[in-house]
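Below: one structure in structure tokens.
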Amino acid sequence: MLTSLSVAVALAAGAVAPLPAGIAIRYTEHDIPHILAHDYRSLGYGQGYAAARANLCAIADGVITLRGDRSRYFGPGPATTTLTRATDNVTSDLYFKSVSLEGLLDQPAQDVRQMVRGYAAGYNKYVAEGHPTTCPRIVQPITEEDVYRRAHAWSTLMASGGNADGIVAAAPGASTTGSLDELEKTRADMSGPGSNAVVLGRAATTSKRGIAVVNPHLPWHGDVSWDMVQLTIPGRVNVSGATFTGMPFVIVGSTPTMAWSGTIADAVVPATLFELTLTDPTTYLVDGKPEQMRRQDVTIQVKQPDGTLKPVTRTRYSTRYGPVVTNAYGVALPWTGRKAYAFADPNARNMRFLNTISEFAKARNVNDFTETLHRTQGNPIFNMMATDSAGRTVYSGQTVIPNVPDSLLEKCSTELGRETAKRGLATLDGSRGDCAWRDDKDAVQQGIFGPGNLPELHRDDYVANSNESYWLTNAREPMKRLNRMVGSFETARNVRTRDTLTEVHEGLGKFDLKSTQDMVFSNRVFAAELAVDDTVAMCQTLPDMGNACDALAKWDRKANVDSQGALLFSRFWTRIGRSPDWKVPFDVKDPVRTPNTLNTANPVIVKAFTDAVSELRAAGVPLDAPLGDHQYVEKDGKRIPFGGARPEMGTFNVIASDWDGAYRGIGQGRSGTNSSGYVRVVALNDTGCPEARAVLAYRQPELFSQKQWITERFCERDIMASPALKVLRLNAP
């Protein structure tokens with residue numbers, strides 16, 4: 001039971017209250033837990049208990065997924081899990097049942113082992129207390145392995161997990177569809193998981209100290225939703241921020257003198273295809289010698305319409321490179337009598353992610369931060385950025401990437417590989433032993449690039465990323481060319497990246513906490529700045545446009561709730577925004593401002609605009625309707641208008657959902673609805689008490705709608721001064 005704290009403690013700003021034996025979970029405004037413990041096991045116990053209290057059903061659902069039991073509980077229908085891209089529960093279960101952690105559980109550091117042990121025990125403590133729940137059927141105790149499985153699923157999400165359908169469906173002679181165009185679309189699809197991250201240094205801020213911006217774009221439910229938390233072991237760890245539901249530690253956050261952010265590294269394909277030469281359907285050649293594929297029969301239980309369970313068994317075949325696959329990233333990979341393809345995912349052997357984030361929690365500055373990345377090499381899929389109280393910044397692309405240097409691409413790419421490599425995916429000749437991944441001396445895992453071959457940039461002004469490659473992390477200092485598999489180089493950036501770089505450059509030297517918050521919610525539509533004048537001129541030449549031209553001409557070019565014309569432009573730009581036809585092409589010497597000038601003579605663009613006008617008219621929506629009238633979330637039967645725009649609009653604050661007469665269901669789908677959810681700005685200072693403002697759009701939608709923020713409480717005196725303070729005490733495990 002939560003009780004009001006009865007004893008006021010006078011404390012210096014950064015001091016921590018004396019803690020009797022046990023664990024204290026102090027809840028401040030908006031039910032944010034601040035967990036205080038003596039050791040990692042106790043800290044994990046408190047975090048696991050708090051996580052269960054806040055998200056019992058979401059965590060329980062994830063555990064069912066990771067154990068391969070969704071079909072047992074929910075039947076074979078469409079999958080709702082966000083831990084893979086599997087299309088149905090049967091595929092999800094067959095995939096996860098075949099995932100083995102054998103040989104990986106010796107990788108977690110001792111502190112991580114203790115934290116995970118405590119986390120599982122704390123979760124189970126809450127379950128054992130028998131609290132009312134809306135999902136009693138799936139709630140059950142968890143094990144430490146369940147926690148590790150979740151971390152592993154995150155590590156493989158952009159590779160094996162993202163291609164579960166193609167792995168599970170693989171069988172000799174299996175039909176398959178897909179194309180290189182699908183691969184291109186997959187790599188360029190801005191509606192997928194995304195983020196913006198900016199860290200500002202002493203040359204950018206008025207305080208001459210660091211400011212960090214966290215702005216991930218993910219679905220608003222389940223395993224990818226965020227939990228705000230602070231974790232403290234006096235004298236050892238003091239970190240605040242947020243973590244994914246069901247994950248221990250903090251994924252993005254701040255310590256007293258350092259703050260970090262990150263984005264999913266969409267520009268990197270963390271996998272390789274190996275083209276196999278077969279002598280029979282399950283035997284392949286390496287250097288002329290036959291090797292038999294490894295066979296694994298996987299059985300799951302599937303709930304039938306009458307409630308009974310029926311076993312379903314599929315056979316999975318694996319090679320020295322990885323499992324056989326018949327579709328990867330949308331590319332059809334037929335398994336014929338002479339040829340097949342293996343999917344090689346280096347993160348399948350990575351259980352170091354928790355080591356990385358546990359060390360972030362102890363970092364004092366950007367040097368500690370980068371040293372952690374170099375030493376642990378556990379970051380699976382994230383561009384990472386950090387700043388510190390001395391005003392230094394760093395961008396790091398230190399992720400687990402297949403070691404395929406350009407020389408190996410040149411030597412070993414197959415005919416298909418020469419095409420997939422242009423799109424960031426290596427396809428190598430698996431019949432040759434000398435075409436295997438290379439090894440770097442500074443890599444802790446065989447077959448991955450070491451730190452010396454991965455991008456890193458230290459700056460005193462800023463580094464920023466919006467899911468693009470490393471090249472234009474800072475527009476003042478484009479980075480040098482690295483191996484193609486590390487990301488594209490000197491290529492056009494999407495409009496969201498260009499907006500971020502423009503807004504940062506316009507504020508350099510003037511940023512403080514408030515102005516950085518204003519940038520996050522500026523709702524500036526960069527695509528409109530590039531194209532709306534040309535669109536208005538085009539509109540004026542077209543018949544029967546009504547007030548469409550005036551609506552766009554008078555529009556403020558923002559995506560605020562009261563912006564009139566934003567909706568019309570959004571419906572237009574959604575049709576063309578991923579591949580607009582520009583008159584002025586990309587210029588590597590002017591990468592932020594080019595390409596530009598919309599080619600309104602293109603009939604495709606004309607039709608996209610007239611179709612948008614017709615669509616709104618058919619839906620009975622005024623062409624100059626305020627955006628918030630038709631972009632909203634619903635809570636307790638009340639509509640809450642939201643500003644922000646779809647990612648192809650080039651708006652920092654991404655709000656995305658499919659149109660059905662309105663933009664609603666924001667953030668609720670598995671794909672195409674990834675939106676700003678957890679938003680945070682933290683300003684470092686010389687007190688050891690960072691100033692942080694944050695909001696969770698799906699937990700505090702009214703605040704988000706009004707561009708309001710929660711003032712976080714980091715130091716002890718601030719936590720204890722909270723008027724909402726409630727304290728829960730637990731016995732140490």
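The values are calculated or read from the model by the stated rules, or taken from the named source; none is laboratory data. Worth saying up front: this structure is predicted, and the values here are computed from it rather than measured. Cβ atoms come from the backbone with ideal geometry, glycine included; neighbour counts cover every protein chain shown.
Please tell me if SER160 is free of Cβ contacts under 8 Å to residues at least 60 places away in the same chain and under 25 Å from the mean Cα position of the chain (by Cα). Explain how you work it out, then say what you get.
Details: free of Cβ contacts under 8 Å to residues at least 60 places away in the same chain: no; under 25 Å from the mean Cα position of the chain (by Cα): yes.
The answer is no for SER160.
Quickly run through region 572-592 and pick out the residues that are of a type in the set (Lys, Arg) and surrounded by fewer than 14 Cβ atoms within 10 Å (Cβ to Cβ).
Selection gives LYS583, LYS589.
Considering only residues that are within 16 Å of GLU129 (Cα to Cα) and touching a strand residue (DSSP E or B) at 6+ places or on another chain (Cβ under 9 Å), look in region 48-76 and name the one that is surrounded by the most Cβ atoms within 10 Å (Cβ to Cβ).
The extreme case among them is TYR49.
Let me ask you something else. From the list LEU66, LEU36, LEU83, LEU105, which residue is more than 24 Å from the chain's Cα centre (by Cα) and closer than 23 Å to MET351 by Cβ?
Going through LEU66, LEU36, LEU83, LEU105 in turn, the sole match is LEU105.
Across region 306-320, which residue is surrounded by the most Cβ atoms within 10 Å (Cβ to Cβ) among those that are free of Cβ contacts under 8 Å to residues at least 40 places away in the same chain and not in a strand (DSSP E or B)?
Filtering region 306-320 for residues that are free of Cβ contacts under 8 Å to residues at least 40 places away in the same chain and not in a strand (DSSP E or B), the one surrounded by the most Cβ atoms within 10 Å (Cβ to Cβ) comes out as ARG320.
Please go through region 475-520 and pick out each residue that is in contact with a helix residue (DSSP H, G or I) (Cβ under 8 Å, 6 or more places away or on another chain), assigned to a helix (DSSP H, G or I) and among the basic types (Lys, Arg).
Scanning region 475-520 gives ARG484, ARG496, ARG498.
Then there is this: Please count how many residues of region 698-718 are part of a loop (DSSP other than H, G, I, E, B) and surrounded by 19 or more Cβ atoms within 10 Å (Cβ to Cβ).
7
Oh, and also: Which condition does LEU725 not pass, out of (1) surrounded by fewer than 23 Cβ atoms within 10 Å (Cβ to Cβ); (2) of a type outside the set (Lys, Arg); (3) under 13 Å from VAL633 (Cβ atoms), if it passes all the others?
Every condition holds for LEU725 apart from (3).
With respect to the numbered conditions (1) within 21 Å of the chain's Cα centre (by Cα); (2) surrounded by fewer than 22 Cβ atoms within 10 Å (Cβ to Cβ), which one is the sole condition not fulfilled by SER98?
That leaves (1) as the condition not met.
MET479 fails exactly one of the following numbered conditions: (1) farther than 23 Å from TRP555 by Cα; (2) in contact with a strand residue (DSSP E or B) (Cβ under 7 Å, 6 or more places away or on another chain); (3) surrounded by fewer than 23 Cβ atoms within 10 Å (Cβ to Cβ); (4) touching a residue at least 40 places away in the same chain (Cβ under 8 Å). What is the number of that condition?
It fails just one condition, (4).
OK, next. Give ALA492, ALA464 a once-over and let me know the one that is among the aliphatic types (A, V, I, L, M), within 30 Å of ASP345 (Cβ to Cβ) and surrounded by fewer than 19 Cβ atoms within 10 Å (Cβ to Cβ).
Values: ALA464 fails: surrounded by fewer than 19 Cβ atoms within 10 Å (Cβ to Cβ).
So the residue among ALA492, ALA464 that is among the aliphatic types (A, V, I, L, M), within 30 Å of ASP345 (Cβ to Cβ) and surrounded by fewer than 19 Cβ atoms within 10 Å (Cβ to Cβ) is ALA492.
Return the only residue of ASN547, ASN596 being over 22 Å from VAL520 (Cβ atoms), polar (S, T, N, Q) and within 31 Å of the chain's Cα centre (by Cα).
ASN596
Output the residues belonging to region 431-450 that are crowded, with 20+ Cβ neighbours inside 10 Å and among the β-branched types (Val, Ile, Thr).
ILE448
Which condition number does LYS635 fail, the rest of (1) under 28 Å from LYS514 (Cα atoms); (2) in contact (Cβ under 8 Å) with a residue 60 or more places away in the chain being met?
All conditions are met except number (1).
Now for a different question. Of (1) touching a residue at least 24 places away in the same chain (Cβ under 8 Å); (2) in contact with an Asp or Glu (Cβ under 7 Å, 6 or more places away or on another chain), GLN301 satisfies all except one. Which?
(2)
With the requirement that a residue be surrounded by 20 or more Cβ atoms within 10 Å (Cβ to Cβ), farther than 27 Å from ASN467 by Cα and not acidic (Asp, Glu), what does region 257-285 give you?
LEU276, TYR284
So PRO108 clears everything in (1) of a type outside the set (Lys, Arg); (2) part of a loop (DSSP other than H, G, I, E, B); (3) more than 30 Å from VAL268 (Cα to Cα); (4) modelled with pLDDT of 95 or more except one condition, right? Which one?
That leaves (3) as the condition not met.
Take the residues in region 444-474 that are polar (S, T, N, Q) and assigned to a loop (DSSP other than H, G, I, E, B); name whichever of them is nearest to GLY378 (Cα to Cα).
Checked region 444-474; the qualifying residue nearest to GLY378 (Cα to Cα) is GLN445.
Ok, one more. Would you pick out the residues in region 96-148 that are among the acidic types (Asp, Glu) and under 24 Å from PHE353 (Cβ atoms)?
GLU102, ASP106, ASP111, GLU144, GLU145, ASP146
What number of residues within region 322-341 are touching a strand residue (DSSP E or B) at 6+ places or on another chain (Cβ under 6 Å), in a strand (DSSP E or B) and β-branched (Val, Ile, Thr)?
1
Taking region 224-243, which residues are part of a strand (DSSP E or B), of a type outside the set (A, V, I, L, M) and either surrounded by 22 or more Cβ atoms within 10 Å (Cβ to Cβ) or touching a Ser or Thr at 6+ places or on another chain (Cβ under 6 Å) (or both)?
TRP226, ASP227, GLN230, THR232, ASN238, SER240, GLY241, listed by residue number.
Since LEU542 meets every condition but one in (1) of a type outside the set (Val, Ile, Thr); (2) in a loop (DSSP other than H, G, I, E, B); (3) touching a helix residue (DSSP H, G or I) at 6+ places or on another chain (Cβ under 6 Å), which condition does it not meet?
LEU542 satisfies every listed condition except (3).
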